[in-house]
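A.B. asks: Have a look at the structure that comes next, please.
No value in this document is a laboratory result; all are computed from the given coordinates. Since this is a predicted model, take the numbers as computed values, not measurements. Note: ideal-geometry Cβ built from the backbone for every residue, glycine included; neighbour counts use all protein chains shown.
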Amino acid sequence: MTRRHGRSQTHREIAVFEPYLGHDTLGAVARAFHERWLGMGAATREFEEELARFLGLLDRQVLATNTGTSALHLGLLAAGARPGVEVIVPSFNFVADHQAIVATGATPVFCDIEEQTLGLDPDKARSLINDRTAILLPLHFSGIPCEIDTLYDLAREHNLRVVEDATHAFGSSVDNRKVGSFGDIACFSFDPVKVITCIDGGAVVLPDSEDVASLQQGRLLGIDRDTVERYRNGRAWDYDVVRPGYRYHLTNVMARIGLSQLARVDEFITNRRRYCTLYQERLGNVEGISVPLTSYDEISPFIYWMRVTESRRQALIDHLRGRGVATGIHFMPAHAFSFFGDAPRGDLSRTERVSSEIVTLPLHSFMHEDDVEYICEVIADFFTKRVGR
Ligand SMILES: *Cc1c(COP(=O)(O)O)cnc(C)c1O
């Protein structure tokens, strides 16, 4: 283990996230500057078209936004979220989702997850449905699709809309269909740490039947007419305001960055799959931990996670930090936050257990396989030498 020694000398930590930023990324920024139109414009349009092409959208449309959270907010509004309406959502999720629900005036109802995918549990979701329920908001945690077919069956049965949080699953597929290319509404994020980044950005994908013009207005302060002009790097000077709206549009600069990342996304995904498969091979047999049991063939992995008994998690995290390996925790369950103390919920026993056991390991689009090997050795060491017992 020569690397361990090298690390302690240089103090270089292997970060949990390491966004890809290359000369091509800088070139994209420079290009946007040369185009002399910084705000939403033709590059935003081009980014939407390239997203549609990558996702393989046929009868669906895509709307780029300035964050994933705003994509979720607009997607929820399109699905009819409003005061008096309940949205069933996993507590095991980033709080952006719960706040997006709150922003519509609707009520988040915290639901448990199931053991395999750590996604929304269809049976427990069913038990939370009442006559105020209008929307299911499942998350494809870490890029591994949740039990989406069962959830769509449930939605059909009860006439619910589905807003998929696909922020972790850009490029993941279910039976050869990319997440977002089928179903109801899907939301993506291109924030600093996601598989591709716009620095900050997001997108909503909707069926053709949805009123996209209205959502375009919602994205730009309720302004009618302006989107079309802006897609040509122009501005409408006379316009109407026709609905409530937000400043949620994606600028040309961010879109150019997104386009440069999208051009390389297949390479990012191929690499990330390889690192996850290596983690799985090395960690699958280590006693004391469990790792996702999945084939990565159809998955675009966002994070790599493992589970360890609660009583040993902090010691493992400290052990890794001492050997130059950063870790994360995704997620602290939302129902435990003070703001959501009174939010309605079902049984959350699995959420509580998983969130006390889960650890996120480093995963980047470009890592050294040696680094993955090293991280796995440090973990194996912890368990075989019974560090911290
Ligand atoms: C990243 C993320 C979001 C929000 O996306 P932003 O672009 O950061 O606003 C929402 N939910 C989950 C689970 C995420 O990981």
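A.B. asks: Can you tell me the order of 139-152, 328-341 when each peptide is scored by its average per-residue count of other Cβ atoms within 10 angstrom, highest first? Mind showing how you got there, number by number?
C.D. replies: Values: 139-152: 22.6, 328-341: 16.2.
Per-residue Cβ counts within 10 Å, averaged per peptide and sorted highest first, yield 139-152, 328-341.
A.B. asks: I need the shape label for the range 59-209. Rule: rounded when a/c is under 1.5, else prolate if a/b > b/c, else oblate, with a, b, c from the alpha carbon gyration tensor. Write down the numbers at each step before the final one.
C.D. replies: Numbers: a/c = 1.42, a/b = 1.22, b/c = 1.16.
Since a/c stays below 1.5, the shape of the range 59-209 is classed as rounded.
A.B. asks: Right, next: Explain nothing, just compute: Karplus ³J(HN,Hα) = 6.51 cos²θ - 1.76 cosθ + 1.60, θ = phi - 60°, for every residue of the range 250-263 in order, whole Hz, x for Gly and Pro.
C.D. replies: 9, 7, 4, 5, 5, 5, 4, 4, x, 4, 5, 6, 4, 4
A.B. asks: Distance in nm between label sites at Ala103 and Arg31, each 7 Å beyond Cα in the beta-carbon direction?
C.D. replies: In this crude label model, Ala103 to Arg31 measures out at 2.9 nm.
A.B. asks: Please check: in the Gaussian network model of the chain (C-alpha springs, under 10 Å), which one of Ala15, Ala255, Ala166 has the largest mean-square fluctuation.
C.D. replies: Answer for the Gaussian network model of the chain: Ala15.
A.B. asks: Residue by residue through the range 161-169, which ³J(HN,Hα) values in whole Hz follow from phi under the Karplus form 6.51 cos²θ - 1.76 cosθ + 1.60 (θ = phi - 60°), with glycine and proline marked x?
C.D. replies: 8, 10, 10, 7, 7, 9, 5, 9, 10
A.B. asks: Would you mind calculating the gained length between Glu310 and Asn130 on full extension (0.36 nm times residue separation, minus the Cα-Cα distance), in nm to one decimal?
C.D. replies: Working: separation 180, 0.36 × 180 = 64.80 nm, distance 3.45 nm.
Between Glu310 and Asn130, full extension yields 61.3 nm more.
A.B. asks: Answer rounded, prolate or oblate for the chain, using the Cα gyration tensor with square roots of eigenvalues a ≥ b ≥ c: rounded when a/c is under 1.5, else prolate when a/b is larger than b/c, else oblate. Please report the intermediate quantities before stating the final value.
C.D. replies: Details: a/c = 2.12, a/b = 1.31, b/c = 1.62.
Oblate, since a/c reaches 1.5 and b/c is not below a/b.
A.B. asks: Give me the percent of DSSP beta bridges within the chain that run antiparallel, rounded to the nearest 5. Present the calculation step by step, with values, prior to reporting the outcome.
C.D. replies: Details: 22 of 38 bridges.
Percent antiparallel among DSSP bridges in the chain is about 60.
A.B. asks: Would you look at the GNM of the chain, springs on alpha carbons closer than 10 Å, and say which of Pro19, Pro83, Pro362 moves the most?
C.D. replies: Looking only at Pro19, Pro83, Pro362, the largest GNM fluctuation is found for Pro83.
A.B. asks: Express the Stokes-Einstein translational diffusion coefficient of the range 253-321 in µm² s⁻¹, to the nearest whole number, given a Kirkwood radius over alpha-carbon pairs, 10 °C and a viscosity of 1.306 mPa s. List each step's numbers first, then the result.
C.D. replies: Working: Rh = 14.2 Å.
It comes out at roughly 111 µm²/s.
A.B. asks: Can you pull the Rg over Rh of the range 121-194, Cα-only, Kirkwood? Don't jump to the answer; show the numbers that get you there.
C.D. replies: Details: Rg = 12.5 Å, Rh = 12.8 Å.
That ratio is 0.98, to two decimals.
A.B. asks: Still on this model: What is the Å³ per residue value for the convex hull set by the Cα atoms of the range 39-106? Intermediate values should be presented prior to the final figure.
C.D. replies: Working: hull volume 7.9 nm³, N = 68.
With only Cα atoms used, the range 39-106 gives 117 Å³ per residue.
A.B. asks: If you place +1 on the Cβ of every Lys and Arg, -1 on the Cβ of every Asp and Glu, and leave all else neutral, what size is the dipole of the range 265-384 about its Cα centre, to the nearest 20 Debye?
C.D. replies: 340 debye
A.B. asks: Is the shape of the range 346-389 best called rounded, prolate or oblate, per the rule: a/c under 1.5 gives rounded, else a/b larger than b/c gives prolate, else oblate, with a ≥ b ≥ c the square roots of the Cα gyration tensor eigenvalues?
C.D. replies: Values: a/c = 5.37, a/b = 1.46, b/c = 3.67.
It comes out oblate by the Cα gyration axes.
A.B. asks: Which of the GluC sites (Glu not before Pro) found in the range 274-337 are in a DSSP loop and have at most 12 neighbouring Cβ atoms, other than their own, within 10 Å?
C.D. replies: Values: sites: Glu281, Glu287, Glu298, Glu310; in loops: Glu287, Glu298.
Answer in residue order: Glu287.
A.B. asks: Where a Cα-Cα gap under 16 Å defines reach, which aspartates and glutamates qualify for Lys124, not counting those fewer than 8 residues away within the same chain?
C.D. replies: Qualifying aspartates and glutamates at Cα under 16 Å: Glu86, Asp112, Glu114, Glu115, Glu147, Asp149, Asp153, Glu157, Asp347, Glu352.
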